[in-house]
1. 5 Å is the cut-off here: which amide hydrogens, built 1.01 Å from N in the peptide plane, fall below it relative to residue B:3, excluding neighbours closer than 5 in sequence?
2. Over the stretch A:32-109, what portion of Cα pair distances is larger than 17 Å, expressed as a whole percent?
3. How big is the protein assembly as shown in terms of Cα radius of gyration and Dmax, in angstroms?
4. State the percentage of accessible surface on the protein assembly as shown attributable to carbon and sulfur atoms; use a 1.4 Å probe and exclude ligands, DNA and RNA.
5. Please express the shape of chain B as an equivalent ellipsoid: the semi-axes are the square roots of 5 times the eigenvalues of the C-alpha gyration tensor, given largest first in whole angstrom.
6. For peptide A:98-104, how many partner chain Cβ atoms fall within 10 Å of a residue's Cβ, on average?
7. Run the numbers on chain A and let me know its relative contact order in percent, using alpha-carbon pairs under 8 Å that are six or more apart.
8. Going Cα to Cα from residue A:68, which lysines come in below 25 Å? Please leave out same-chain ones fewer than 8 positions away.
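The values are calculated or read from the model by the stated rules, or taken from the named source; none is laboratory data. It should be emphasised that the depicted structure is a prediction, and the values quoted were computed from it without experimental measurement. FYI the Cβ positions are ideal-geometry reconstructions off the backbone, even for glycines, and counts take in every protein chain you see. Note: accessible area is taken over every heavy atom of the protein model, side chains too, but ligands, DNA and RNA are not part of it. Shrake-Rupley method; radii C 1.70, N 1.55, O 1.52, S 1.80 Å.
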Amino acid sequence: EDQVTQSPEALRLQEGESSSLNCSYTVSGLRGLFWYRQDPGKGPEFLFTLYSAGEEKEKERLKATLTKKESFLHITAPKPEDSATYLCAEGSSASKIIFGSGTRLSIRP
Amino acid sequence: NAGVTQTPKFRVLKTGQSMTLLCAQDMNHEYMYWYRQDPGMGLRLIHYSVGEGTTAKGEVPDGYNVSRLKKQNFLLGLESAAPSQTSVYFCASSYWSTGTYNSPLHFGNGTRLTVT
């Protein structure tokens, strides 16, 4: 069964302290690896799609990378407003996207 | 554009009552989805639709029914609510997928349902 595992479950950083979030996926024919940001009381907000190993995408302080079995979300010099839950998801068939449980990121000023 | 709109935002039901959650999208997306989100379990797919008049079961379909009579609307029904259906329900939509790749989902802001 296709599965998405995210680590760590929670991460607390000091403002300016860079780090990475991990997403492992099992599907053999990846149809897209998606990253979302979710704020409390809101729906997930789309950040990036990666389709092939070696691909990278950047947006402000965030950079997403993809290997054959993992994706990383790198956060450079984070600010308190980057605090949120970050969700990873894999496209496992033409109509199904499977989500991980998320990483709760907290940035202290 | 409003994107994906869900109504109601909050609802409390008693065990055995029924209700319908409404989802509307104005992006002309083909695919629509219903997920539930529970602490520690992530988003789990309930039902989905790949076009007007079509529906299919997801990972956790028991106790729910859906209908897609119009392309822009996707309804989720609970016929006899149970406490185990207490959750946050998210609707999402996307463009059609190609033969190789999926399109990203766009989500509404959820309906928080409590069943007592």
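1. Those lying under 5 Å, H to H, from residue B:3 are B:26.
2. 45 percent
3. 17.5, 51
4. On the protein assembly as shown, the fraction of accessible area on carbon and sulfur atoms equals 50 percent.
5. Here the semi-axes work out to 23, 14, 13 Å.
6. Per residue, the average neighbour count from other chains is 4.
7. Reported as a whole number, the value is 37 percent.
8. A:57, A:59, A:96
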